[in-house]
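Student: There's a structure below that I have some questions on.
The values are calculated or read from the model by the stated rules, or taken from the named source; none is laboratory data. Computed from a predicted structure; not experimentally measured. Cβ coordinates were reconstructed from backbone atoms using ideal geometry, including for glycine residues, and neighbour counts include every protein chain displayed. Areas reflect the complete protein model, heavy atoms only, side chains present, ligands, DNA and RNA absent. Shrake-Rupley method; radii C 1.70, N 1.55, O 1.52, S 1.80 Å.
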Amino acid sequence: MAKHNQIVDTIDECITNGVKNNILHLSAQDDYSDGRTIRINGNRLVNFASYSYLGLETDARLKAAGIDAFQKYGSQFGSSRAYVSVRLYEELENLFARIFGAPVLIAPSTTLAHMAAIPVLVRDEDVVILDQHVHASIQTTVKMLRSRGIPVELLRHNSLEKLEDRIKELRQKYRKVWYMLDGVYSMYGDFAPLKDLYQLMNKYQQFNCYVDDAHGMSWTGSNGSGYVMSQIPLHPQMILLTSLNKAFAGSGGAIIFPDKEQFRKVRTCGGTLIFSTPIQPPMLGVDCASALIHLSSELPLMQEKLQKRIQFTQALLEKYKLPVVSNNGSPIFYIGTGLPRVGYNMVNRTMKEGYYMSIGLFPAVAMKSTGLRFCLNLHQSLEDIENMIAVIAYHYPLALSEEGRTRNDVQLAFKLPLFEEERTQKNVQLDVQLKDALTIEYVQSVRTIEAQQWNSMLGSNGSFDWNGLCFLENTFRNNPEKENNWDFHYVIVRDSEKKPILATFLTTAWCKDDIFSPASVSEEMEKERQKNPYHLCSRVLMMGSLLTEGNHLYIDRSHCNWREALRLLLEKIASIQIQANLTQVNLRDFEADDIEIRDILLGEGFVKVDLPDAHVFSNLGWATIDEYMSRISIKSRKHVKKYISPYEEYYDVELVSTEISEEEVQHLYSLYLNVKDKGFELNTFSLPVKAFKKMILDPNWEVLQITLKEQLNDRPKRRPIAVMFSFMGKDTYSPVIVGLDYFYLFAYKNYRQILFQAIKRASILDKKTIFLGFTASIEKQRLGAENIPKVAYVQMTDGFNMQVLEMTHVQERSKERERIYSQHVQNKQALQNTKIKD
């Protein structure tokens, strides 16, 4: 899940859906802007998406100053600030020094300000902690630090107790501990706990705060110095940044320093101040005019007017009981809708009523944390605000109903209190609906389902026919380790004639959050798990189980109600998730090109995740090796002739007897652990030895082992060097677990041999299909298996762990680049030394 391409693809799908719903990538069609309204698709709308909180962008003084600067200095001043700056820069920085009472450096934008300051201020001996919700511009800049080997950690949003714990530990190892955060968070409009952070800076000399107050500027604070300065003075261990856009209504970013030396260093060494284009004269003129207004007696009156609008809005939101995520006094308001499609619906409804506001979508918020985001400014009248909120209050329940959602679905998504009366009402409505169309059956043991019926739906899809599930239920209950105790959930949806439309099973189990992450990430996680075995682990509701692979969902798409049946399944999954307090749902093993399923699940707030390819061998029914060879490709035949057939005579191949000794079981288990400890492509907990003992005894499983012949044995005791545990369905054969002695991997090709022997065994048993599982794609393809791209759809109520894994992935890639470069330098030096000797 931490792979960069997957994140880009998910963002692409989310934003593209917004474009298709006509709420993103819009164009304003105004010939003249009055600040209050905006024309979109020919319609005049009251604009509640603008973050120009004080309405200064239409102020005549700012316009005149921009024109005057244009007339005096032209459209641009063509020089880097490293050489020379237009005089307006010095004037602007002096004005800002008066606003903040500290040295201020002006940059072309807030993002470029971060890119100038952070790499200079944070030294190689430092460590950085990011707040989970810190602005993307800081997160992007901090990636530059990782390439220098500077450790970067992620902290849950506003988690002060955890922050202090990290300060105590990290200050023993690093020169400075930097905490990077926002003063006002841009999506929900919530605040940082600044007074507590000030106390931490007083308490720990090595603790430094780096605060982006872009959305706090102008509308509050003395001289419009922002939210941060309205709460605390500038601390000697703090760097403050703000925006000259937004409420300031100009252009650029500002870095506020506690001392002149840090100002000098960033001014001298900041990369984007040396190489980037400066703010151009017309906008510098606008900035100076805005700064003079900030220093005038007029600004407090503007701030007071905005505060009245904020308080008026808060009262209306309370009146209508709308789900406001944060309602603490900022001009940013966020009304949760939960799923993206509900958000699309609401934006379209409000636009038809004459009001434009923005939508919060992934990646700015979690997938199920979509919402309406509206901002207040002085262009809007109290009547505008009252009418807009009345429109939201009217359409909100209609949009939820149209999308098959309830207010409680939203309350749960944002961890807000539930409406008890609505919970009861929904159950009644659902029951009435189901009596007329569909019924949903839910049980927690496959033994309550008729075996023949289950097998007719899912029995040919892998190791989870009725017998296979009985085995799993017996094995993964009543174990001492919590990760080896699973809860089972079986769901069948039937039509009015009791015909099954849909069937599946799910398990609740402890999983490692890096299960699908790159191997380098999992290796890093396992180092931490040596101290804390459950580091970055979660209880997950998973379609299928950790020991099954294949299509876990039976769905009759010829039925006219199959989509409704899928909706009922998803509602049941949500119910299970809530009752068990699970943070993640993983619906897995769908074919990657299944567009219908993709569109439905993305609309329900799931994120698509690429899985390793599955491998299916269906070219069975051959009686001889020659016949098998005739059915595979020429390249595969060459592979078998060179690397498999010549080695077959080295082995004794046999099925493990149910009379196997405890010592022999432990040896086979050790072979499994050899593979498990190396296999980070799918990182899971180790299976208990109990599972292997049950496989050996269960008639639906067989255990195939290969042992070097007596004359080739070089160990004190002759033992198997490879083993395969396979489940046998009616027409299927599923090699589920492999164990290897890696000492013989190259000399005797034991992995290739055990894989080939499993295929031979399936043919002998007259099976129609072999499910060869994930990973080792090349080896399986060479034997004739078909690669089938697979995906999972994941829904998380808290994306914190995934952000940590993505951060680890970036750091591991940086380390790998360093290793490659280091090796390159060593090779180059070795070559040079050789030339000198010659």
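Student: Can you pull out the residues in region 653-669 that are in a helix (DSSP H, G or I) and not hydroxyl-bearing (Ser, Thr, Tyr)?
Tutor: Passing the criteria: Glu662, Glu663, Glu664, Val665, Gln666, His667, Leu668.
Student: Considering region 353-363 alone, what residues qualify as being within 15 Å of Cys14 (Cβ to Cβ) and touching a strand residue (DSSP E or B) at 6+ places or on another chain (Cβ under 9 Å)?
Tutor: Passing the criteria: Ser358, Ile359, Gly360, Leu361, Phe362.
Student: Let me ask something else. For the condition closer than 30 Å to Lys790 by Cβ and surrounded by fewer than 16 Cβ atoms within 10 Å (Cβ to Cβ), what is the one hit in Thr16, Thr10?
Tutor: Residue meeting the stated conditions: Thr16.
Student: Pairs only if they're at least six apart or on different chains, beta carbon under 9 angstrom, first in region 487-514 and over 12 Å from Met543 (Cβ atoms) and outside any strand (DSSP E or B), second open to solvent by 10 Å² or more (accessible area, probe 1.4 Å) and basic (Lys, Arg); list them, first residue then second.
Tutor: Ser496/Lys435
Student: Could I ask something else about it? For a quick check of your reading of the model, give me the residue pairs whose first member lies in region 259-283 and is touching a residue at least 60 places away in the same chain (Cβ under 8 Å) and closer than 11 Å to Phe77 by Cβ, whose second is part of a helix (DSSP H, G or I) and open to solvent by 70 Å² or more (accessible area, probe 1.4 Å), with beta-carbon atoms closer than 7 Å and at least 6 apart or on different chains.
Tutor: These pairs meet every condition: Pro281/Phe70; Pro282/Phe70.
Student: Answer yes or no as to whether Thr220 is under 18 Å from Ala117 (Cβ atoms) and in contact (Cβ under 8 Å) with a residue 60 or more places away in the chain.
Tutor: So Thr220 fails the test.
Student: Among residues belonging to region 252-272 that are of a type outside the set (D, E, K, R) and open to solvent by 10 Å² or more (accessible area, probe 1.4 Å), point out the one that is nearest to Phe100 (Cα to Cα).
Tutor: Pro258
Student: Right, something else. Filter region 528-544 for residues that are surrounded by fewer than 22 Cβ atoms within 10 Å (Cβ to Cβ), under 22 Å from the mean Cα position of the chain (by Cα) and either outside any strand (DSSP E or B) or not polar (S, T, N, Q) (or both) and give the result.
Tutor: Glu528, Arg529, Tyr534, His535, Leu536, Cys537, Arg539
Student: Pick from region 37-48 the residues that are part of a loop (DSSP other than H, G, I, E, B) and surrounded by fewer than 18 Cβ atoms within 10 Å (Cβ to Cβ): which of them is nearest to the chain's Cα centre (by Cα)?
Tutor: Once the filter is applied, the top-ranked residue is Asn41.
Student: Do you know which residues across region 95-119 are of a type in the set (A, V, I, L, M, F, W, C) and open to solvent by 30 Å² or more (accessible area, probe 1.4 Å)?
Tutor: Ala97, Leu112, Met115 - these are the residues of region 95-119 that are of a type in the set (A, V, I, L, M, F, W, C) and open to solvent by 30 Å² or more (accessible area, probe 1.4 Å).
Student: Now, a different point. Checking the condition aromatic (Phe, Trp, Tyr) and farther than 18 Å from Gly216 by Cα, which residue from Phe333, Phe362 passes?
Tutor: Unique residue meeting the criteria: Phe362.
Student: Sticking with this one: Hey, can you tell me all the residues within region 731-751 that are in a strand (DSSP E or B) and either open to solvent by 40 Å² or more (accessible area, probe 1.4 Å) or in contact (Cβ under 8 Å) with a residue 40 or more places away in the chain (or both)?
Tutor: Once the filter is applied, which keeps residues that are in a strand (DSSP E or B) and either open to solvent by 40 Å² or more (accessible area, probe 1.4 Å) or in contact (Cβ under 8 Å) with a residue 40 or more places away in the chain (or both), region 731-751 yields Thr732, Ser734, Val736, Ile737, Val738, Gly739, Leu740.
Student: Taking region 224-251 as the region of interest, how many residues are crowded, with 23+ Cβ neighbours inside 10 Å and touching a Pro at 6+ places or on another chain (Cβ under 6 Å)?
Tutor: Looking only at that region, the number is 0.
Student: Next question. So, in region 339-371, exactly how many residues are open to solvent by less than 10 Å² (accessible area, probe 1.4 Å), part of a loop (DSSP other than H, G, I, E, B) and more than 23 Å from His215 (Cβ to Cβ)?
Tutor: Residues that pass the stated criteria total 1.
Student: Using the structure shown, decide if Phe374 is open to solvent by less than 40 Å² (accessible area, probe 1.4 Å) and of a type in the set (Phe, Trp, Tyr).
Tutor: yes
Student: Taking interchain pairs and intrachain pairs at least six residues apart, which have beta carbon atoms under 6 angstrom, with the first residue in region 452-474 and under 21 Å from Asn485 (Cβ atoms) and the second assigned to a helix (DSSP H, G or I)?
Tutor: These pairs meet every condition: Leu469/Val446.
Student: Applying the selection to region 64-92, what residues are in a helix (DSSP H, G or I), surrounded by fewer than 20 Cβ atoms within 10 Å (Cβ to Cβ) and in contact (Cβ under 8 Å) with a residue 12 or more places away in the chain?
Tutor: Once the filter is applied, which keeps residues that are in a helix (DSSP H, G or I), surrounded by fewer than 20 Cβ atoms within 10 Å (Cβ to Cβ) and in contact (Cβ under 8 Å) with a residue 12 or more places away in the chain, region 64-92 yields Ala64, Ile67, Asp68, Phe70, Lys72, Tyr73, Glu91.
Student: Another question, then. Suppose we filter Asn700, Asn674, Asn683 for residues that are of a type in the set (S, T, N, Q), in contact (Cβ under 8 Å) with a residue 40 or more places away in the chain and open to solvent by 50 Å² or more (accessible area, probe 1.4 Å); which single one remains?
Tutor: Going through Asn700, Asn674, Asn683 in turn, just one is of a type in the set (S, T, N, Q), in contact (Cβ under 8 Å) with a residue 40 or more places away in the chain and open to solvent by 50 Å² or more (accessible area, probe 1.4 Å): Asn674.
Student: Same structure, new question: Out of contact with any Gly (no Cβ under 7 Å at 6 or more places or on another chain), open to solvent by 50 Å² or more (accessible area, probe 1.4 Å) and either touching a residue at least 60 places away in the same chain (Cβ under 8 Å) or of a type outside the set (S, T, N, Q) (or both): does that describe Tyr650?
Tutor: Yes: the conditions hold for Tyr650.
Student: Looking at (1) of a type in the set (A, V, I, L, M, F, W, C); (2) closer than 19 Å to Thr242 by Cα; (3) out of contact with any His (no Cβ under 6 Å at 6 or more places or on another chain), which is the only condition Ile99 fails?
Tutor: So Ile99 meets the others, but not (3).
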